[in-house]
Amino acid sequence: MTTDVCIEIGGSDSRCARHIVSQHMVGAHSRIPKLCSSPTCQGDAMLWEIARHRWSEFGDPRLGEWILELVTTQNSQRANELLSIIESEVVPPSGNLQPGASAAAACLVQGLISATSVARVEVLYLLFQLAGGAVRDVATSVSRLAVAREITLGLPIFAEIAETGTRTERLQCIDVLSMCARFDQHCFSRVRALLLEIADMGDDEASSVSMELDDLDESSFHIS
């Protein structure tokens, strides 16, 4: 059974204020967004990615909606609130990866392409937290490899933001890029070259890159 309902995502401060959401009745309720017909919407691919996952099978079926709201919000306070909500659902502090972690990682990577300037740093932070959860040596039923793979697929996006983004975004990208090198040995040389280029962009970048390269050279590891 499917019913279409129109909900407001992020209020009037979002680039695309209204999205058509399909309410699928499969076990617990799960809302899967359809394409928005608004000409101002720049995130159709993001909606496709969210629609690919069965959110009702994870902890809270609203997880996909929260991620969509995060990448479209223009409100910094709301972005911070959503970061906390999403983080608690998929990678709580000092906890294991939760069901939905790999789906969240996939959607957050896709969302970076069209994310607002307010949301971009928060999305990068969440990806770094998910990456950290994937490398913790703890027992978990969630596929660490799946999370690592989804994040590594975003390497070209992280590189672009590192080159063209703000200093805050660039510094967050350094952390995420470093994780990509840890996850996939085929990314190692590419990430190392990128980090060396980023180091020339400022003192803060140089300091952060130096620490990451030292760590990578001394204790590189890969997810298996």
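Are there any pairs with C-beta distances below 7 angstrom linking a residue in region 118-137 that is at negative phi to a residue that is among the charged types (D, E, K, R) and part of a helix (DSSP H, G or I), with the two at least 6 apart or on different chains, and if so which?
Sorted first by the residue in region 118-137, then by its partner, the pairs are ARG120/GLU169; VAL121/GLU169; LEU124/GLU169; LEU126/GLU87; PHE128/ASP175; GLN129/GLU87; ALA134/ARG144; VAL135/ARG182.
State which residue is surrounded by the fewest Cβ atoms within 10 Å (Cβ to Cβ) when the search covers only region 180-201 and only residues that are within 11 Å of ALA148 (Cβ to Cβ) and of a type in the set (D, E, K, R).
Ranking the candidates gives ASP184 first.
Take region 63-86 and flag every residue that is in contact (Cβ under 8 Å) with a residue 60 or more places away in the chain, over 22 Å from HIS53 (Cβ atoms) and in contact with a helix residue (DSSP H, G or I) (Cβ under 6 Å, 6 or more places away or on another chain).
GLN74, ASN75
Within region 70-82, count every residue that is of a type outside the set (A, V, I, L, M, F, W, C) and surrounded by 24 or more Cβ atoms within 10 Å (Cβ to Cβ).
Summing the residues that are of a type outside the set (A, V, I, L, M, F, W, C) and surrounded by 24 or more Cβ atoms within 10 Å (Cβ to Cβ) in region 70-82 gives 2.
Residue by residue through region 174-193, note down the ones that are in contact with a helix residue (DSSP H, G or I) (Cβ under 7 Å, 6 or more places away or on another chain), under 19 Å from GLU218 (Cβ atoms) and among the aliphatic types (A, V, I, L, M).
Result: ILE174, LEU177, MET179, ALA181, VAL191.
Examine region 170-193 for a residue that is acidic (Asp, Glu), touching a Lys or Arg at 6+ places or on another chain (Cβ under 9 Å) and modelled with pLDDT of 95 or more, and state whether such a residue exists.
No, there is no match, as no residue in region 170-193 is acidic (Asp, Glu), touching a Lys or Arg at 6+ places or on another chain (Cβ under 9 Å) and modelled with pLDDT of 95 or more.
Tell me, yes or no, whether region 139-146 has at least one residue that is of a type in the set (Val, Ile, Thr), out of contact with any His (no Cβ under 8 Å at 6 or more places or on another chain) and at pLDDT 95 or above.
no
Considering only residues that are in contact (Cβ under 8 Å) with a residue 40 or more places away in the chain and among the acidic types (Asp, Glu), which ones fall in region 87-117?
GLU87
I'd like to know if region 67-74 contains one or more residues that are over 16 Å from GLN172 (Cα atoms) and touching a strand residue (DSSP E or B) at 6+ places or on another chain (Cβ under 8 Å).
Within region 67-74, one or more residues are over 16 Å from GLN172 (Cα atoms) and touching a strand residue (DSSP E or B) at 6+ places or on another chain (Cβ under 8 Å).
The values are calculated or read from the model by the stated rules, or taken from the named source; none is laboratory data. None of the values given here were measured: they were computed from a predicted structure. A quick note on method: Cβ atoms are made from the backbone with ideal geometry, for glycine too, and the neighbour counts reach across all protein chains shown.
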